[in-house]
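Novice: A single structure is presented below for examination.
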Amino acid sequence: MSSLEEQCWSCSCTPQSEGEQSSSPSSATNWWASKGEEMMSIITSVLSSAYGSLHRHRTFNLIRRGLVLFAVGVILALVLNLLQIQRNVTLFPEEVMTTLFSSAWWIPPCCGTGAAVVGLLYPCIDRHLGEPHKFKREWASVMRCIAVFVGINHASVKLDIDNSVQLSLTLAALSLGLWWTFDRSRSGFGLGVTTAFLATVFTQLLVYNGVYQYTSPDFLYVRSWLPCIFFSGGVTVGNIGRQLAMGGIEKPHND
């Protein structure tokens with residue numbers, strides 16, 4: 001009996017051959033490696049597809065916002081230009097005034113392009129500076145800003161102030177009040193000043209070349225209050241661009 005038990009124990013405890021021991025871990029490792037490569041390829045394809053879809057979405061969103069800002073600039077240019085023509089602030093040659101809007105066919109596209117550029121720059125500068133703009137971020141505030149901007153333009157041709165310096169200081173105070181009420185950001189102020197400077201230089205060149213003229217110019221070829229109008233316009237369009245970039249999702253933060 002003892003010999004029989006010894007034979008049973010020796011059979012059950014006999015180790016596997018060296019070939020079996022070496023082949024089993026190697027095959028398992030290869031299997032896990034192949035599965036890992038498959039998973040990595042799947043993850044890579046999913047990420048690349050998601051990135052492409054996100055890139056297309058961002059491009060479409062950028063184009064959509066640019067078109068909206070262009071349309072806003074065109075509409076504001078038509079309204080404000082007609083207001084100034086009616087008040088004899090700007091004068092065009094008589095032969096150009098034969099048909100409606102023909103006097104300023106080039107003004108709406110220029111203003112629309114400028115509005116699109118400025119409106120798209122504002123949120124980009126905010127992201128670059130790491131200062132997301134959250135002051136009064138709702139469409140009701142943006143519409144009030146547009147109304148105040150139109151009011152400043154109306155005041156520039158409606159106020160009966162003979163002293164041009166006094167009129168310019170009044171409109172400058174109104175423009176700064178618009179920025180303080182609806183913006184209060186460093187980027188908004190800086191871009192507003194930059195917009196006012198570049199737009200004023202561009203207008204000076206147009207008047208110098210005889211495209212049109214201002215009545216009673218007191219700042220080279222234009223009126224001294226014109227930079228104030230461009231500043232308030234830049235702030236207004238910037239707020240519209242910011243709101244379009246936000247999509248109206250974030251809650252307003254009224255400080």
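Novice: Within region 226-247, can you find the residues that are under 15 Å from residue 189 (Cβ atoms), open to solvent by less than 10 Å² (accessible area, probe 1.4 Å) and either free of Cβ contacts under 8 Å to residues at least 60 places away in the same chain or basic (Lys, Arg) (or both)?
Specialist: The one that is under 15 Å from residue 189 (Cβ atoms), open to solvent by less than 10 Å² (accessible area, probe 1.4 Å) and either free of Cβ contacts under 8 Å to residues at least 60 places away in the same chain or basic (Lys, Arg) (or both): 242.
Novice: Considering region 199-213 alone, what residues qualify as being surrounded by 15 or more Cβ atoms within 10 Å (Cβ to Cβ), among the aromatic types (Phe, Trp, Tyr) and farther than 12 Å from residue 106 by Cβ?
Specialist: none
Novice: Suppose the filter is among the polar types (S, T, N, Q), more than 26 Å from residue 74 (Cβ to Cβ) and out of contact with any strand residue (DSSP E or B) (no Cβ under 7 Å at 6 or more places or on another chain); does residue 168 pass it?
Specialist: yes
Novice: Somewhere in region 217-224, is a residue within 20 Å of residue 72 (Cβ to Cβ) and not in a helix (DSSP H, G or I)?
Specialist: Checking region 217-224: not a single residue is within 20 Å of residue 72 (Cβ to Cβ) and not in a helix (DSSP H, G or I).
Novice: Quick one: residue 183 ticks every box in (1) over 17 Å from residue 73 (Cα atoms); (2) charged (D, E, K, R); (3) open to solvent by 30 Å² or more (accessible area, probe 1.4 Å); (4) under 23 Å from the mean Cα position of the chain (by Cα) bar one, so which box is it?
Specialist: (3)
The values are calculated or read from the model by the stated rules, or taken from the named source; none is laboratory data. Fair warning: this is a prediction, and the values are worked out from it, not measured in the lab. Quick reminder, even Gly has a Cβ in these numbers, built from the backbone with ideal geometry, and neighbours come from all protein chains shown. These accessible areas exclude ligands, DNA and RNA; they are computed on the full protein's heavy atoms, side chains included. Shrake-Rupley method; radii C 1.70, N 1.55, O 1.52, S 1.80 Å.
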